[in-house]
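Heads up: the structure comes next, in structure tokens.
The values are calculated or read from the model by the stated rules, or taken from the named source; none is laboratory data. Note that the structure is predicted; figures quoted are calculated from it, not measured. Backbone-built Cβ (ideal geometry, glycine too); neighbour counts: all protein chains shown.
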Amino acid sequence: METNNLTAPIAVEKDRNTLTIELMNRMKLHGMAAAFTESLTSTMAETMTIDSFLHMLLAKEWDYRECSHPTPYTRRRSSATRHVLNR
């Protein structure tokens with residue numbers, strides 16, 4: 001391990017995009033992290049404005065949460081529907 005002149009370990013600086021993705025995942029923004037990763041491998045981000053890019057990230061996060069975690073309203077409705085159908 002390398003040290004600087006103050007004997008503190010020198011951390012290898014990670015790419016900002018990697019740090020951003022790691023931070024999104026630590027904040028449990030998994031849909032946004034997946035969308036950001038996807039944008040890095042395609043050219044779609046280059047054609048977007050900042051506000052449309054942000055909208056895309058937020059929409060992907062919203063979709064991820066809606067698909068992976070149904071809302072309490074959805075759960076209540078589905079259980080109520082089952083109760084009616086079982087009569």
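Numbers for the structure displayed
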quantity: Which listed residue, of R87, R65, R82, R77, is surrounded by 11 or more Cβ atoms within 10 Å (Cβ to Cβ), out of contact with any Pro (no Cβ under 6 Å at 6 or more places or on another chain), at pLDDT below 65 and not β-branched (V, I, T); calculated: R77
quantity: Qualifying positions in segment 24-34 - assigned to a helix (DSSP H, G or I) and over 15 Å from C67 (Cα atoms); calculated: M24, N25, R26, A33
